[in-house]
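A quick write-up on the structure given underneath.
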Amino acid sequence: MTVDIHTKRLACACAIVLAAISAIPLVGMLTGQPAAAAQTPAASGGLRASDIVNEPDPLQALCKLELAAESTPCRLPSYFEQEIGLPVGARDVRVNGDGSVVGYVMDKSPPTAFEQLCSHMEDAGWTEVPLGNILGATFVKEGGACTWALASCVEIGCSTSVVFRCVAR
């Protein structure tokens, strides 16, 4: 007899949970709040991680990521082009709104990418100041529109993300 009571309670609890879960989309439709449309980074000022993580449809989440990857190429700030430049092999260049942060990807290991970065910066007249245990450096030079740049190299899969934070006049 107690088995029947436990079985009925379990069935009832499952029904309540299923009803609550299935009510969520119904409430959204009744209140007139449609699902958030995919936004391109150019239109929204960037792709927010919460838009991807909170997307209930995995195909829509993938669509949002693909739109972000296809965004129009950014233009490097003039000071960066003239005084730092991009090393050979840099791809997927990104720049923040005010041009103070520039990032790119290199298909190399982090130590190799960092070595190439240091050589590139030295050729452009910069002096390296190591960061210690972090794979990156501060670079300084006298004169020009940009006299200070912090660069870091971080492994992303089989590639390396290089991010510059610069102070330009």
query: What are the aspartates and glutamates whose alpha-carbon lies under 15 Å from the alpha-carbon of Lys64, with same-chain residues fewer than 8 places away excluded?
result: Asp51, Glu55
task: Could you state the accessible area per residue of the range 57-169 in Å², with a 1.4 Å probe and every protein chain left in place?
output: 57
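I need the chymotrypsin sites (Phe, Trp or Tyr not before Pro) found in the range 94-139, filtered to DSSP loop residues with at most 16 other beta carbons within 10 Å of theirs. Write out the running numbers ahead of the final one.
On the way: sites: Tyr104, Phe114, Trp126, Phe139; in loops: Trp126.
Passing sites in the range 94-139 do not exist.
The values are calculated or read from the model by the stated rules, or taken from the named source; none is laboratory data. Please read all numbers here as calculations on a predicted model, not as lab measurements. Virtual Cβ from ideal backbone geometry, glycine too; neighbours counted across all protein chains shown. Heavy atoms of the whole protein, side chains included, go into the accessibility calculation; ligands, DNA and RNA do not. Shrake-Rupley method; radii C 1.70, N 1.55, O 1.52, S 1.80 Å.
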